[in-house]
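Engineer: The structure follows.
The values are calculated or read from the model by the stated rules, or taken from the named source; none is laboratory data. This one's a predicted model, so the numbers in the text were calculated from it and none came from an experiment. Neighbour counts are summed over all protein chains in view; Cβ atoms, including those assigned to glycine, are modelled from backbone coordinates with ideal geometry. These accessible areas exclude ligands, DNA and RNA; they are computed on the full protein's heavy atoms, side chains included. Shrake-Rupley method; radii C 1.70, N 1.55, O 1.52, S 1.80 Å.
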Amino acid sequence: QVQLVESGGGLVQPGGSLRLSCVVRKSIFAAIYGMGWYRQAPGNQRELVARISSTGSTNYVDSVKGRFTISRDNANNTVHLQMNSLKPEDTAVYYCNSRVGVQTYWGQGTQVTVSS
């Protein structure tokens, strides 16, 4: 049994900041490998925003480089996405994603809206 619980979304003005968090709750004995954040805006495909491997390597979509930072807290099975200098183009539903054991799981999504 694995559940990804997201928090931190909301409404923010352009140039503002938000911090998303995702906790992996599990009752099975399985390791957590890569963790990441995806987003999906209306009419668009879901895209990878940022990911972090089990060893701490990170990668980002070009549009967020220099503005977003992904991190993980392995002791608490948590991944964070610090989002700074937010733009209206960042508006989307953000989904947490993680490989746990041999399976990949998704959070239900949290809305991020950047608007004046």
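Engineer: Give, in whole angstrom and from largest to smallest, the semi-axes √(5λ) of the equivalent ellipsoid of the range 1-53, with λ running over the eigenvalues of the Cα gyration tensor.
Structural biologist: 25, 14, 11
Engineer: Per residue, how much accessible area does the chain show when a 1.4 Å probe rolls over the protein heavy atoms, in square angstrom?
Structural biologist: Per residue, the chain has an accessible area of 54 Å².
Engineer: Have a look at the DSSP beta bridges in the range 17-79 and tell me what percent are antiparallel, nearest 5.
Structural biologist: 100 percent
Engineer: Can you pull the percent of the chain's accessible area that's carbon plus sulfur, 1.4 Å probe, other chains left in place?
Structural biologist: Its accessible area is 45 percent carbon and sulfur atoms.
Engineer: Debye calculation, C-alpha points only, no solvent: report log10 I(q)/I(0) for the chain at q = 0.15, 0.21 Å⁻¹, in the same order as the q values.
Structural biologist: Cα-only, vacuum Debye calculation for the chain: -0.60, -1.13.
Engineer: Tell me which of Ser53, Gln111, Thr91 sits at the most positive position along the dipole axis of the chain, charges placed on C-beta atoms (Lys, Arg +1; Asp, Glu -1).
Structural biologist: Selected residue: Ser53.
Engineer: A follow-up question, please. Set the Förster radius R0 to 35 Å, insert the Cβ-Cβ distance between Val2 and Ser116 as r into 1/(1 + (r/R0)^6), and round the FRET efficiency to 0.05.
Structural biologist: Step by step, r from the Cβ atoms, then E = 0.35.
Engineer: When you count, for each residue, the other Cβ atoms within 10 Å and take the mean per peptide, how do 39-46, 21-28, 60-67, 90-97 rank with the highest first?
Structural biologist: The peptides rank, most packed first, as 90-97, 21-28, 60-67, 39-46.
Engineer: Would you kindly state how much longer the chain becomes between Ser54 and Leu11 on full extension, computed as 0.36 nm times their sequence separation minus their alpha carbon distance, in nm to one decimal?
Structural biologist: Computed gain between Ser54 and Leu11 is 12.4 nm.
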